[in-house]
Amino acid sequence: MNTEDTSTEARDNWVDKRFPLTATWKAHVSEYYAPKNFNFWYFFGSLALLVLVLQIVTGIFLVMHYKPDAMRAFESVEYIMREVPWGWLVRYLHSTGASMFFVVIYLHMLRGLFYGSYRSPRELVWLFGMVIFLCLMAEAFFGYLLPWGQMSFWGAQVIVNLFSAIPVIGPDLALWIRGDYVVSDATLNRFFSFHVIAIPLLLAGLVFLHVVALHQVGSNNPDGVEIKKGPKDRSGHPMDGVPFHPYYTVHDLMGVAGFLLIFAAIVFFTPEMGGYFLEYNNFIPADALKTPPHIAPVWYFTPFYSMLRATTSDFTWLLAGAAVLGAIALFVRGHLRGWVRYALPALLLVIAFLLRQVDAKVWGVAIMGGTVVLLAFLPWLDRSPVRSIRYRPGWHKAIYAIFIFTFLMLGFLGTQPPSPAYNLAAQAGTLIYLGFFLLMPVWSRLGTFKPVPERVTFHKH
Amino acid sequence: MLKTLLRVAVLALACASVSVQAEEGGYPVEQAPPLSNDMASLQHGAELFVNHCLNCHSANFMRYNRLGDLGLTDEQIRANLLFTGNKVGDLMTVAMRPEDAKRWFGTAPPDLSVMARAKSVNVGPGGGASGADYLYTYLRAFYRDASRPTGWNNLAYPNVAMPHVLWERQGPRELTTVAVRETTTDGHSGWQRVTTTFDAQGFTTVKTEPLPEHHGPATFETRFKALDPARAAAYDRDMADLTAYLAWMAEPTQAERRRLGVWVLLFLGLFLVVAWRLNAAYWKHVR
C-alpha cells in the first residue's frame, strides 16, 4: 500500500494528513491494476459483495419487525409479509438474496477452479474465501430456522442431530448447540443471535481480509498469466492491466444491471422459485409433534447432503477398498520422500480400517463435512503446470464437465426422497466428487499442455 | 355373525383400495380455474370462506378490512361478513380452542391464512402444482363413507378428519372405484378387478372379478356420479371461487407484486442498456 503519497493535493488535504484516504483509494481502487482480459466469470466477486450488502440492509429492516420467539416467530414473518409497509418486498429480497448468494458464490468458486485462481501466490485468497463459504453456510443454516416453519424446524433438527454422530462428545455437543433436548425457543434465540450478529461480523471481517489478500498479490485472469511479470508502461504499471476504477467499476456496473434483472424477475414473479428458494412446507408453522414425510435441506446444501445420505454401510466397503488401493499406490508409485512415504499410506490404511469399524452414520457426517473442507486443499492438490483451463489438455475439460454435472446431479438428488436408483446415483456421484479432488495430484499433471502466452489474450471490446 | 364378517371384509377392502391409490401417487390434481383477477369471484369466495370455513378454521394473519383490496368497503364487510361483534380491523380468529378441536375431530383444524401456499408442490420430476389446484381438487373429492367416524372420506386426502361441511351445496354423489391389481391367494398370484361403489349414504358394494388374461399394469380409476348434477356444477363454481380466495389470502400482495415487477424489470432493462453503453464508452480506448 502506498501510504506516502506526495502529490500536492494529497499533501494539502486535511483528511489525508490524518488518515490515508486518498492513498487507500488509489491503492485499492483507482490505481489498483487488474488484468484487462476479465470475462463473464469475473462478475461474481463484485456481485457477491452486492448481495452481502443487500442481505445486511434488508436484514436490518427485517429485524425491526421480526420476533425471535417460538410462539410468535411464524406470525411475525406473516406480519412482515402483510402489514409492514413494503415488508413483503424486503422479505422476498432477503429470501431470494440468500439463495442467490449461493448461486453467485458457487459460480465465483467455479471461476477459481477454471482459471487456477487458488494457485500460488493466491493460496490465502482462496483460504479466506473458503472460510467465507463456511460462514455463509452457517449464516444460511441459522437464518433458515428463523421463519419457524416446518422445514425450518425439522431441517435444524436433522442438521443439529448430525453433530450427535460425532463419537464420544456428539450427543452432548448437539444438546449444547440446541440448548434443549429438541429444537426449541432456546435454539431459535441463539440462532437469531448468531444470524444477525456473530456470523455477519465474521463475514464482514473475512471479506475485508479476502480483498486485502487479493490486492496484495493481484488478480488472476482467464489466461492464468501474471500481469505483474509482463511488460510495464512508463509509470511502472503493467501493460496488461487497467485501473480498477473506472474500467472495472463500469464493467461491474453492467454485471450488476444484468444480475439485478434476473434477481428482480425472481423476487417479483416467482419468489418461491418453484419451492426451492422458499419451501412450501415452510408455510406450515413448526410442529414438534408432526414430522414431515420428506425433509430435505435447502437446495444449496443438497449436493453435500446427498453425499451424506449416500454413505451407507455397504458404501463404506467401497470407500475402505479405495483407501487401501490408495495406500498401496501411494507407497509404490507416489513420489514421496522421508517419513511421509510411510505415514500417508499408513494413515489411509487406518482410515480404511475405521471405515468398517465406525458406524456409517459417522462417516456420512465426515463425508459431508469433508467434501466441503476438501475444497480448501485445492491449491495443493492441483499440480498442473498451467493455471488456466484454457491451456490444459482437452480431456481435462471433460473432467471438469463431469465434475460440474456430478455436483448438479448430487444437488438434485438431495432434494428428492431417497430411492434405490437415486441412492446408487448419489454413491457414484460421491465417488466422482472424491476422486476429482483426491486424485487431482495425479491427473492434473498428465496430458499435453498447450503453451501459455507471455501476455494475456485481449480482444478489443 | 356372517354380517359382521362381511362388514369386516368390506372395510378391509375399502382400506385396501385407499392404499392402492396411495401407492400410485394419489388422486390426480386438477387445475383450478384461473380466477385470481376476477373480483366478483374473489368476493364470492370471501363470503363462502367467512360463512362456512371461518368457524372451525381461523385465518389468524388476515384482517377483515384487508378484504378492501378485493373492492369491499368497511361498511360492506361489517354488514355481510362480521358476525361475532368483531371490528373490521380485527384478525380472522375463531373461538374454538385447539384442545377442544383436537378432542372433537382428532386434530385441530389448521389455520388457513397461508394454506394455499403450503399445499403447493415443488417443481420437479414429480410435476409441481399450485396449492390452489390442490385445494380445488380436495374440496371436490369428498365421498360418503360409512366406515369413517364422520361419515365422510376424501380421495385427495384419504381418511381426512374434516367432514364434508358443504355437502348440502354439492348434493348427493356416488363414488365408484375400479382397482385392477395383483393378489396372492394360497401362494397363487393372479390379477383381479375390484369395483367398489360407495352409494350416497356411504354404504359399499364390492365386486371382485378375476382377470386370468391380465398381466398388469395395476390401475386405479375413480368415478363420481352426481345425483343432482345442477347442484354439483354450482358447487364446482363455488369451490373455484373459494379456492381463488384462499390463494389470494395466502399472499394478498401478489397482484401488486406482479404489477410493480413489470415496472422494475422495465427500469432495470433500461439501466442495463445504459450500463452496457457506458462500459463500452470507457473501454473504447483500451487496446
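Every number here is computed from the coordinates shown, using simple stated rules; none is lab data. Remember, it's a predicted structure, so these values are computed and weren't measured experimentally. Note that each Cβ is placed from the backbone with ideal geometry, even for glycine, and that neighbours are counted across all protein chains shown.
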Computed magnitude of the charge dipole of region A:28-175 (debye, nearest 20; Cβ of K, R +1, Cβ of D, E -1):
400 debye
Roughly how many whole Å is it from the C-alpha centroid of region A:283-312 to that of region A:5-75?
35 Å
In the structure shown, of A:K229/A:K450; A:K290/B:K207; A:K450/B:K284, the pairs separated by more than 26 angstrom at the C-alpha atoms are A:K290/B:K207; A:K450/B:K284
Need one word for chain A: rounded, prolate or oblate. Basis is the Cα gyration tensor (sqrt eigenvalues a ≥ b ≥ c); a/c below 1.5 gives rounded, then a/b vs b/c decides.
oblate
For B:M62, distant residues with modelled amide H under 5 Å away:
B:M92
Starting from the Cα gyration tensor of chain B, take the square roots of the eigenvalues, sort them a ≥ b ≥ c, and report rounded, prolate or oblate (rounded when a/c is under 1.5, otherwise prolate if a/b is larger than b/c, else oblate).
oblate
Kyte-Doolittle mean at least 1.0 and Cα axial length at least 30 Å: DSSP H helices in chain A
A:44-65, A:123-145, A:394-415
Using only C-alpha positions, report the orientation-averaged shadow area of the convex hull of region A:1-127, nm², one decimal.
12.5 nm²
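With Kirkwood's inverse mean 1/r over C-alpha pairs for Rh, give me the Rg to Rh ratio of region B:129-176, two decimals please.
0.96
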For the Cα atoms of chain B, what angle does the longest principal axis make with the long axis of helix B:39-48, in degrees from 0 to 90, nearest 10?
50 degrees
Furthest towards positive pole of dipole, A:L113, A:A421, A:V168, structure part the protein assembly as shown, Cβ charges
A:L113
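Per the Kirkwood formula on distinct C-alpha pairs, the Rh of region A:215-372 is how many angstrom?
Evaluated over region A:215-372, this radius sits at 21.9 Å.
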Charged-residue dipole, Cβ positions (Lys, Arg, Asp, Glu), the protein assembly as shown about Cα centre, Debye nearest 20
2340 debye
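Could you give the dipole magnitude of chain B about its Cα centre, charging the beta-carbon of Lys and Arg +1 and that of Asp and Glu -1, in debye to the nearest 20?
Dipole size: approximately 760 debye.
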In whole Å, how far is the Cα centre of region A:344-416 from that of region A:126-153?
22 Å
Measure nothing fancy, just the Cα-based angle from helix B:229-250's long axis to the longest principal axis of chain B, in degrees from 0 to 90, nearest 10.
40 degrees
Span from the region B:220-256 Cα centroid across to the region B:98-126 one, whole angstrom
17 Å
Placing one identical point scatterer on every Cα of region A:351-431 and ignoring solvent, what is log10 I(q)/I(0) from the Debye formula at q = 0.11, 0.17, 0.18, 0.27 Å⁻¹?
-0.43, -0.91, -0.98, -1.32
Taking 4 °C and 1.567 mPa s as the conditions, I'd like the Stokes-Einstein D for region A:394-456 in µm²/s, using the Kirkwood hydrodynamic radius from alpha carbon pairs.
96 µm²/s
Let me know the shape class of region B:182-287, please: from the alpha-carbon gyration tensor, a ≥ b ≥ c as square roots of the eigenvalues, rounded when a/c is under 1.5, otherwise prolate if a/b is greater than b/c, or oblate.
oblate
Expressed in angstrom and ordered largest first, the alpha-carbon extents of region A:308-461 along the principal axes are 57, 46, 22
Would you mind telling me which residue in B:S189, B:S130, B:S113 has the biggest mean-square fluctuation in a Gaussian network model of chain B, where springs connect alpha carbons within a distance under 10 angstrom?
B:S189
Where does region A:295-341 land on Rg(C-alpha)/(2.2 N^0.38 Å)?
1.73
Measure nothing but the geometry: give the 0 to 90° angle between the long axis through the Cα atoms of B:2-23 and the longest principal axis through the Cα atoms of chain B, rounded to 10°.
30 degrees
Of all the stretches in chain A, which is the longest one without any exposed loop site, taking GluC sites (Glu not before Pro) in a DSSP loop (any state but H, G, I, E, B) with at most 12 other Cβ atoms within 10 Å?
A:5-453
Once R0 is set to 22 Å, what does the formula 1/(1 + (r/R0)^6) return for the Cβ-Cβ distance between B:A281 and A:F40, expressed as a FRET efficiency to the nearest 0.05?
0.65
Footprinting proxy, B:F198, A:F40: sorted fewest to most Cβ within 10 Å, the residues are A:F40, B:F198
